[in-house]
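J.: Below you'll find the structure I mean.
The values are calculated or read from the model by the stated rules, or taken from the named source; none is laboratory data. Please read all numbers here as calculations on a predicted model, not as lab measurements. Please note: Cβ atoms are built from the backbone with ideal geometry, for glycine as well, and neighbour counts cover all protein chains shown. For accessibility, only protein heavy atoms count, side chains too; no ligands or nucleic acids. Shrake-Rupley method; radii C 1.70, N 1.55, O 1.52, S 1.80 Å.
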Amino acid sequence: MHGPALSGWLLMVLCGATGAYCLLRTRTGTARERASARAEALMGFGMAAMAVPAALLTLPEWMWVVYAVVFGAAALRAVGFARAGGHHLHHLVGSLAMVYMAVAMAPGAAHATGGGHAGHGTGAAGSAGGVPLLTGALLVYYALYVLHSAGRLIPAPAPVGVPDGGGGSPRGSAGVGGGTAAPAWGARPELALACRLTMGIGMFAMLLTL
């Protein structure tokens, strides 16, 4: 029984930290980038709250309705941005997945399918009431998304004969004489991608409990 509780704590901490960093990103970038960071912060905090172990806190039944309404509104907002394609389509899928999990984890849905309440996704034994085909499709999507994001985090090898940013590189020496400063913590694309990877893994883990 310690396994599910430990995974719930770990998921809660990771998603909460991810949401906090995404909140930091809302202070930098273009208007579209800030809107994307706000959506990801909402997703991170929502997943953290959903992953709270049942031994620590049992959410009231009406909280699942709040989840469905909040992320339903986020999905409607993401529809407008999704026309631009790219990561905005992922926001739409993520918001709809959160609505689906909120409905599937609600006590009424779990009883209707003959299963027990999942306990915030990972907190207790039993299974929530989900649609196997839809759950499987979301699992495949997030598995592919995680693999794709992890591949993008792997640095590409430098071409032969090109310096790797050491002391002889013009870019490496620019910072000594007052050149280009290091980007702010909220403007690091590799950290933003790492946060999206973390949320993708978390979503995959929560969907496994349905």
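J.: For segment 77-89, which residues satisfy the criterion of being open to solvent by 30 Å² or more (accessible area, probe 1.4 Å) and under 14 Å from the mean Cα position of the chain (by Cα)? First the steps, then the outcome.
T.: Step one: of segment 77-89, the residues open to solvent by 30 Å² or more (accessible area, probe 1.4 Å) are 77, 79-81, 83-84, 86-87, 89.
Once the filter is applied, which keeps residues that are open to solvent by 30 Å² or more (accessible area, probe 1.4 Å) and under 14 Å from the mean Cα position of the chain (by Cα), segment 77-89 yields 87, 89.
J.: Could you tell me whether any residue of segment 3-23 is open to solvent by 50 Å² or more (accessible area, probe 1.4 Å), touching a Phe, Trp or Tyr at 6+ places or on another chain (Cβ under 8 Å) and touching a residue at least 60 places away in the same chain (Cβ under 8 Å)?
T.: No, the conditions are met nowhere in segment 3-23.
J.: While we're looking at this one, here's another question. Within segment 35-76, which residues are open to solvent by 80 Å² or more (accessible area, probe 1.4 Å) and among the charged types (D, E, K, R)? Spell out how you get there, then give the answer.
T.: Taking segment 35-76 first, the residues open to solvent by 80 Å² or more (accessible area, probe 1.4 Å) are 38, 45, 55-58, 61-62, 65, 69, 76.
Across segment 35-76, the qualifying residues are 38, 61.
J.: Being at pLDDT 70 or above and either exposed (fewer than 12 other Cβ atoms within 10 Å of the Cβ) or farther than 16 Å from residue 7 by Cβ (or both): is that true of residue 192 here? Explain how you work it out, then say what you get.
T.: Working: at pLDDT 70 or above: yes; either exposed (fewer than 12 other Cβ atoms within 10 Å of the Cβ) or farther than 16 Å from residue 7 by Cβ (or both): yes.
For residue 192, the condition - at pLDDT 70 or above and either exposed (fewer than 12 other Cβ atoms within 10 Å of the Cβ) or farther than 16 Å from residue 7 by Cβ (or both) - is met.
J.: Of the residues 179, 200, 167, 123, which single one is at pLDDT 55 or above and either on the phi < 0 side of the Ramachandran plot or not in a loop (DSSP other than H, G, I, E, B) (or both)? Before you say what the answer is, go through the steps one by one.
T.: Numbers: 179 fails: at pLDDT 55 or above; 167 fails: at pLDDT 55 or above; 123 fails: at pLDDT 55 or above.
Among 179, 200, 167, 123, only 200 is at pLDDT 55 or above and either on the phi < 0 side of the Ramachandran plot or not in a loop (DSSP other than H, G, I, E, B) (or both).
J.: Restricting the search to segment 54-104, which residues are within 17 Å of residue 204 (Cα to Cα) and touching a residue at least 40 places away in the same chain (Cβ under 8 Å)?
T.: 90, 91, 93, 94, 95, 97, 98, 101, 102, 104
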